[in-house]
1. How about segment 81-98: which of its residues are surrounded by 16 or more Cβ atoms within 10 Å (Cβ to Cβ) and either modelled with pLDDT of 95 or more or among the polar types (S, T, N, Q) (or both)?
2. Exactly one condition in (1) free of Cβ contacts under 8 Å to residues at least 60 places away in the same chain; (2) closer than 27 Å to Leu16 by Cα is false for Ile170; which is it?
3. Looking at Ala38, is it out of contact with any helix residue (DSSP H, G or I) (no Cβ under 8 Å at 6 or more places or on another chain), modelled with pLDDT of 95 or more and within 16 Å of ligand 2 (Cβ to nearest atom)?
4. Give me a count of the residues in segment 90-104 that are touching a Leu at 6+ places or on another chain (Cβ under 9 Å), not in a loop (DSSP other than H, G, I, E, B) and not hydrophobic (A, V, I, L, M, F, W, C).
5. Considering each of Val232, Val181, Val222, Val239 in turn, give the residue that is away from ligand 1 (no atom under 16 Å from the Cβ) and buried (at least 22 other Cβ atoms within 10 Å of the Cβ).
6. Whether any residue in segment 189-201 is within 16 Å of ligand 1 (Cβ to nearest atom), within 18 Å of the chain's Cα centre (by Cα), touching a residue at least 12 places away in the same chain (Cβ under 8 Å) and outside any helix (DSSP H, G or I) is what I want to check.
7. I'd like to know if segment 61-70 contains one or more residues that are of a type in the set (Gly, Ala, Ser), buried (at least 17 other Cβ atoms within 10 Å of the Cβ) and touching a helix residue (DSSP H, G or I) at 6+ places or on another chain (Cβ under 9 Å).
8. Ser56: under 20 Å from Pro186 (Cα atoms), assigned to a strand (DSSP E or B) and within 15 Å of the chain's Cα centre (by Cα), yes or no?
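The values are calculated or read from the model by the stated rules, or taken from the named source; none is laboratory data. Small disclaimer: the values here were computed from a predicted structure and weren't measured. Cβ placement follows ideal geometry from the backbone for every residue including glycine, while neighbour counts extend to all protein chains displayed.
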Amino acid sequence: MAAQVMGGPLVQVRDLVKTFAGRGTVLRKSKSQVQAVAGVSFDVLAGETLSIVGESGCGKSTTARCVTRILKPTSGSVVLFGTEISQSSQETIRPLRRQFQMVFQDPYASLNSTMTVEEIISEPLIVHGFPALEIKERVLAVVQQMHLHKSDLTRFPHQFSGGQRQRIGIARAVVMQPKFVVLDEPVSALDVSIQADIIQMLEGLQESLGLAFLMIAHDLSVVRHVSDRVAVMYLGKIVEIGTNKQIYEQSSHPYTQALLAAAPIPDPRVERARQRIILKGDVPSPANPPSGCRFRTRCFKVQDICSQVEPLLIDPGVGHQVACHFPEEINLITKRRV
Ligand SMILES: Nc1ncnc2c1ncn2[C@@H]1O[C@H](COP(=O)(O)OP(=O)(O)OP(=O)(O)O)[C@@H](O)[C@H]1O
Ligand code: SF4
Ligand SMILES: [Mg+2]
């Protein structure tokens with residue numbers, strides 16, 4: 001039975017773990033365990049955007065799918081709107097689904113190709129028993145909001161570009177007027193010019209509907225202007241979380257610093273002058289993560305202790321949490337840069 005937790009943040013995730021059975025190899029028939037999410041905790045407050053950023057395979061989509069209960073977490077707690085749902089039955093969760101929605105990573109695969117746009121956008125309203133007149137009104141309103149045309153309603157997904165498909169996916173998610181939307185890399189499959197357009201549209205929707213977003217991206221620059229807070233993930237764990245300013249101007253974890261250094265700066269003089277931190281090698285397999293700090297095999301600050309003791313995610317008292325034995329001095333940076 002779902003436990004009720006009154007007040008507090010809209011979404012509360014604690015010690016979330018998701019383990020998959022890995023594939024055996026030719027030499028080793030026994031299946032390994034892949035810990036895709038290895039103990040992740042965060043809150044999402046009403047009306048805010050929390051972004052989760054990290055390289056491919058670090059567990060972002062798995063986290064999103066556990067939070068929306070598309071996947072059942074192996075352990076840990078997920079509290080949505082005061083209700084603990086991590087192990088609840090789909091029947092218990094169904095009434096809550098009106099209040100949270102998910103936009104999927106791939107705009108080409110996530111829409112049913114046999115349905116018209118009108119059918120796709122109306123579907124969740126029909127499932128939740130809305131009257132026909134209200135369905136029509138809501139669908140028309142959301143189509144306008146997403147800068148689609150009324151005549152698009154009778155067309156099929158394959159007749160649209162990637163950007164338009166993503167707008168249809170977002171329309172489908174917001175037509176229910178939810179409180180919370182998870183967006184799994186909503187723009188990464190799109191051209192840069194279309195990315196900006198969609199991001200701007202999402203900001204408009206957030207303002208008009210008071211939505212909270214959990215936004216997923218693999219590039220820090222994509223979510224820079226839309227995030228209130230950012231969590232940086234590496235190999236199944238959050239290594240740094242803070243406000244937009246703390247992450248982009250006062251980053252403390254070597255991995256965040258490396259990701260920021262990899263993002264291009266439009267001004268060529270600034271680009272030439274800045275210090276480059278090169279991220280070497282690939283992300284290790286989550287089936288066999290490094291001992292101690294999971295980032296140690298690629299870290300430019302690594303020392304002996306890093307392979308022996310796992311650094312905990314610590315909040316030094318300024319709402320900025322970092323998991324590193326040798327973090328950049330947050331308070332000193334604040335003094336220097338404010
Ligand atoms: N159903 C599954 N079965 C087995 N392993 C899985 C499954 N889903 C994900 N994984 C593994 O879990 C890890 C995390 O995957 P996930 O899709 O969450 O990463 P991601 O951060 O979203 O990556 P990307 O940026 O490429 O979308 C990967 O190693 C992936 O291969
Ligand atoms: S704990 Fe060590 S290896 Fe890990 S990020 Fe910090 S300095 Fe690098
Ligand atoms: Mg993903």
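1. Residues satisfying the conditions are Thr83, Glu84, Ile85, Ser86, Ser88.
2. Exception for Ile170: condition (1).
3. Details: out of contact with any helix residue (DSSP H, G or I) (no Cβ under 8 Å at 6 or more places or on another chain): yes; modelled with pLDDT of 95 or more: yes; within 16 Å of ligand 2 (Cβ to nearest atom): yes.
Yes, satisfied.
4. So the count comes out to 0.
5. Val181
6. yes
7. No, segment 61-70 has no match at all.
8. Numbers: under 20 Å from Pro186 (Cα atoms): yes; assigned to a strand (DSSP E or B): no; within 15 Å of the chain's Cα centre (by Cα): yes.
In short, no.
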